[in-house]
Amino acid sequence: MDTETIYLIVLAIVTCWLISYWVLDNHWFYRALICVIHTLLFKKKINILDETHYYGICWTTDIDIWVFHMNNTKYFRELDFARTDFLVRTRIFQHVRKKKGLVVVGSTYIRYRRFIKVFQIFKISTRIVYWDKNSIYFEHRFITVKDQFVCAIAYVKQRITNFDVEEMMKQFVDKNVVMNENGNTVVDKLPIPAEIQKMIDLDEESSAKLKSENLPQVVLQTVETT
Ligand SMILES: *[C@@H]1O[C@H](CO)[C@@H](O)[C@H](O)[C@H]1NC(C)=O
């Protein structure tokens, strides 16, 4: 290969890379990829009812210029990674991919309690608090490592399309053999937390309202059980 060809190849690569920066949120994709690979290679497999901790830091690119705290969009961005980590470690992610299901967020409720300041390290705790036919419900807490304060709390409804989630979770609970001291499976299904019930009610109310406005409707595929 002559120098001119090499020069052209390098130029083409750099151009593609620059264009990708313009059309994609590259850092998000890199991190998602690193998150999945790191989790697969180095993190222990866990039970679906375990709690995970995912660490993060409020960086200079995450702040609201005039108050120097983490901006509200960064919380949602971090939640994606915390949940990806959780879903990969529990093998739910692999299971859903294999069966050609899709994992999407249905709704999120978040409550901010205290600022996370620039350079502050925090961890996100993630656990499943409930599930129904179409969705898994997560609770996440943003906890500052220094003083263990819960700076924000979020509930996320994770829709899984083309799937009977209840059926899937039953398999997972059985497979993971969640036992109590008498040797029985502890949960077939978790009792619904009051906050999640309110979230479901709110979703339904909002959905009914939009439907009554006679707008064009979007229908996500749902699983019919017989
Ligand atoms: C907020 O944080 C996100 C994620 O780091 C970043 O993309 C965005 O530019 C930041 N600033 C504002 C003003 O939203």
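The values are calculated or read from the model by the stated rules, or taken from the named source; none is laboratory data. Since the model is a prediction, treat every value here as computed from it, not as a measurement. Cβ placement follows ideal geometry from the backbone for every residue including glycine, while neighbour counts extend to all protein chains displayed. The protein model used for the area step is the full one, side chains on, heavy atoms only, and it has no ligands, DNA or RNA in it. Shrake-Rupley method; radii C 1.70, N 1.55, O 1.52, S 1.80 Å.
Brief remarks on what is shown
- Search result, residues across region 9-47 that are basic (Lys, Arg) and either part of a helix (DSSP H, G or I) or within 18 Å of residue 77 (Cα to Cα) (or both): 31
- Here 202, 210 are screened, and the one residue that is open to solvent by 40 Å² or more (accessible area, probe 1.4 Å) and modelled with pLDDT of 95 or more is 202.
- Set 76, 93, 122: member being at pLDDT 95 or above and either more than 16 Å from the ligand (Cβ to nearest atom) or surrounded by 14 or more Cβ atoms within 10 Å (Cβ to Cβ) (or both): 122
- Test: residue in region 48-66 that is at pLDDT 95 or above, open to solvent by 70 Å² or more (accessible area, probe 1.4 Å) and within 16 Å of the ligand (Cβ to nearest atom): yes
- Of the listed requirements (1) touching a Lys or Arg at 6+ places or on another chain (Cβ under 9 Å); (2) open to solvent by 20 Å² or more (accessible area, probe 1.4 Å); (3) without any contact (Cβ under 8 Å) to a residue 60 or more places away in the chain; (4) not acidic (Asp, Glu), residue 102 misses just one: (3).
- Options 40, 24, 33: the member that is hydrophobic (A, V, I, L, M, F, W, C) and either under 30 Å from residue 189 (Cα atoms) or touching a strand residue (DSSP E or B) at 6+ places or on another chain (Cβ under 7 Å) (or both): 40
- Residue in region 42-57 that is among the aliphatic types (A, V, I, L, M), free of Cβ contacts under 8 Å to residues at least 12 places away in the same chain and out of contact with any Gly (no Cβ under 9 Å at 6 or more places or on another chain) present: no
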